[in-house]
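S.K.: If you scroll down you'll find the structure; I have some questions about it.
The values are calculated or read from the model by the stated rules, or taken from the named source; none is laboratory data. On a predicted model such as this, the values are computed, not experimentally measured, just so you know. All Cβ positions, glycine included, derive from the backbone under ideal geometry; neighbour counts span all protein chains shown. The protein model used for the area step is the full one, side chains on, heavy atoms only, and it has no ligands, DNA or RNA in it. Shrake-Rupley method; radii C 1.70, N 1.55, O 1.52, S 1.80 Å.
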Amino acid sequence: MTGMPMSRSLRLAVLILPFMLGACQSVAPPQQQGSELDESTLKLLTRRHEALLESRDNFKVSGGLGIWTDEETLSARINWLQTPQALHLTLEGPLGVGTMQLEDSAGSATLSRGERLLARGASADTVLQQGLGLAAPVPLQELAFWIRGLPGNASQVMRDEEGKLSSLRFTDEQGTHWQARFRRYADWDGVAVPSLITASGGPYSVRVLLKNWAHVTTTVVPETPESNNRLPIPGR
């Protein structure tokens with residue numbers, strides 16, 4: 001008497017099992033669709049975020065810059081003013097040599113201290129290298145993109161779940177491979193911008209701390225060539 005119920009139960013299980021397996025298999029396609037939807041959403045968030053960052057091309061920001069190798073360390077407070085036409089960068093205290101001004105506009109860059117011209121060249125990278133006595137250039141022109149959270153000319157880019165940069169790789173004209181990491185972000189009028197960036201390339205490690213973001217509504221233009229291309233930086 002007890003054998004019959006067990007046999008029926010077994011047969012019932014055998015009949016039900018294929019339907020259960022079929023049901024499990026039918027759930028798989030929605031998971032794939034969901035992952036594709038997440039990827040498209042991330043792309044949309046990235047485009048919107050970068051569009052906002054690119055529109056903010058007149059700004060000033062302050063903070064600190066550190067450049068070091070195994071043998072030496074350079075550090076400076078920075079005031080960075082950027083417009084679509086030019087970059088005006090003040091470095092205070094690097095190597096204890098006082099305040100320096102870097103101007104980069106229309107394919108010409110200069111680095112000066114007071115009335116003394118320290119270096120002149122076609123790019124901010126080489127001018128900073130010459131002025132600070134660095135063995136190789138630091139990608140200052142790429143940094144103009146990175147500080148806004150834009151990839152610039154990066155060859156590889158990694159982003160977080162909100163579309164913000166988390167890391168990138170860049171190769172400069174000398175063939176030096178740089179890797180930058182975006183450690184922290186801050187809010188600037190509703191838009192996330194980097195507040196801490198670290199980078200390494202060749203013999204160098206670089207650390208950039210950013211704060212006090214603000215819009216610049218007017219462009220400062222040098223009055224005469226005799227002014228040595230030194231411009232006042234708002235907010236100092």
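S.K.: Volume per residue, Å³, of the convex hull around the alpha-carbon atoms of region 70-161?
M.R.: 135 Å³
S.K.: When the chain is fully extended, how far beyond the present Cα-Cα distance does residue 99 get from residue 181, taking 0.36 nm per residue of separation?
M.R.: Net length gain for the segment: 26.7 nm.
S.K.: Let me ask something else about it. Report the full-extension gain for the segment residue 160 to residue 135: residue separation times 0.36 nm, less the Cα-Cα distance, to one decimal in nm.
M.R.: So the extension gain works out to 5.6 nm.
S.K.: Okay, next question. So what does residue 57 come to for accessible area, using a 1.4 Å probe and Å² rounded to 10?
M.R.: Ignoring ligands and nucleic acids, residue 57 comes out at about 50 Å².
S.K.: Sum up the charges of everything whose Cβ sits under 9 Å from the Cβ of residue 178, counting Lys and Arg as +1 and Asp and Glu as -1, but leave residue 178 out.
M.R.: -1
S.K.: While we're here: If Rh is defined by the Kirkwood formula over all Cα pairs and Rg also comes from Cα, what ratio Rg/Rh do you get for region 82-219?
M.R.: Dividing the radius of gyration by the Kirkwood radius yields 0.96.
S.K.: Another question about this same structure. Determine by what factor the alpha-carbon radius of gyration of region 39-109 differs from 2.2 N^0.38 Å, reporting the quotient.
M.R.: Relative to the rule-of-thumb radius for its length, region 39-109 sits at 1.51.
S.K.: Starting from one equal scatterer on each C-alpha and no solvent at all, send me the Debye-based log10 I(q)/I(0) for region 143-199 at q = 0.14 Å⁻¹, two decimals.
M.R.: Summing over Cα pairs of region 143-199 leads to -0.35.
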